[in-house]
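Every read-out reported here was derived from the displayed coordinates using simple, explicitly stated rules and does not represent laboratory data. A quick note: this is a predicted structure, and the numbers were derived from the prediction, not measured. Note that we place each Cβ from the backbone using ideal geometry, even for glycine, and neighbour counts take in every protein chain shown.
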């Protein structure tokens, strides 16, 4: 199913897993769409289709709002983002849940001595708040988000993945990026990391930039854990 560029030398373990959040660890893409559309309709705009917003999950919020209003000013973008975050903080974060299989995977990967980081478009503090609220505790060593890199260096730029590698002292050759969208895969590829696309999130078909594609948590664990 994948046009993967395979590892040379067989199934080697990784030292760092960089996780996307929405659609990968958490079943939350629909919340992103619903919250964005709540802001848009409150301000008199027409709601966007699910796929339009869904494929932009992980990108800066301003890019979503500029689909509704191409001439969106910087001031209005700030206001829309603030309104989005108010709704998200009050209703979405408490409602966010892990995909079944995510909790076990995070724990066994941590127990195996493999480092883990989030590389989400969300604010880093939100990533930590969500996962710690779901009792992930200390399984993840580093929380990075959209505010961890310059505004013009979000996914699919490699900066988030590169920052995780730099802070945790792991080279690209020993790093894997796990996500559900082409944006995640492009980021990982640009950072020279291995990339694994999961099929339980937004994208349910293979994307060109994935080195490997997995459809189950069992299959994912088999690839990222030492054999």
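Okay, here's what the table says:
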read-out	value
For log10 I(q)/I(0) by the Debye sum over Cα atoms at q = 0.07, 0.10, 0.15, 0.17 Å⁻¹, calculated from these coordinates, the label among (i) -0.26, -0.51, -1.05, -1.28; (ii) -0.35, -0.64, -1.02, -1.16; (iii) -0.21, -0.42, -0.95, -1.20	(iii)
Virtual spin-label span in nm between residue 79 and residue 147, 7 Å along Cα→Cβ	2.1 nm
Net lengthening on full extension, residue 38/residue 112 (0.36 nm per residue, minus Cα-Cα)	22.5 nm
Rough spin-label spacing in nm, given labels placed 7 Å along Cα→Cβ, for residue 100 and residue 69	4.2 nm
GNM result for the chain, Cα springs below 10 Å: residue of 183, 91, 118 fluctuating most strongly	91
On Cα atoms only, tilt of 29-42 relative to the major axis of the chain in degrees	10 degrees
Cα-Cα P(r), segment 29-95, percent of pairs per 5 Å interval	3, 19, 33, 28, 14, 3, 0
Fluctuation leader among 152, 27, 15 - the chain, Gaussian network, Cα springs under 10 angstrom	152
Nearest 10 degrees, 0 to 90: helix 159-168 Cα axis against the chain principal axis	50 degrees
Estimated inter-spin distance, residue 62 and residue 91, nm [label 7 Å along Cα→Cβ]	2.6 nm
When segment 65-124 is reduced to its Cα atoms, the Kirkwood hydrodynamic radius in Å	14.7 Å
Tilt relative to the chain, helix 74-87 - C-alpha long axis, 0 to 90 degrees, to 10	70 degrees
Fluctuation leader among 204, 175, 195 - the chain, Gaussian network, Cα springs under 10 angstrom	204
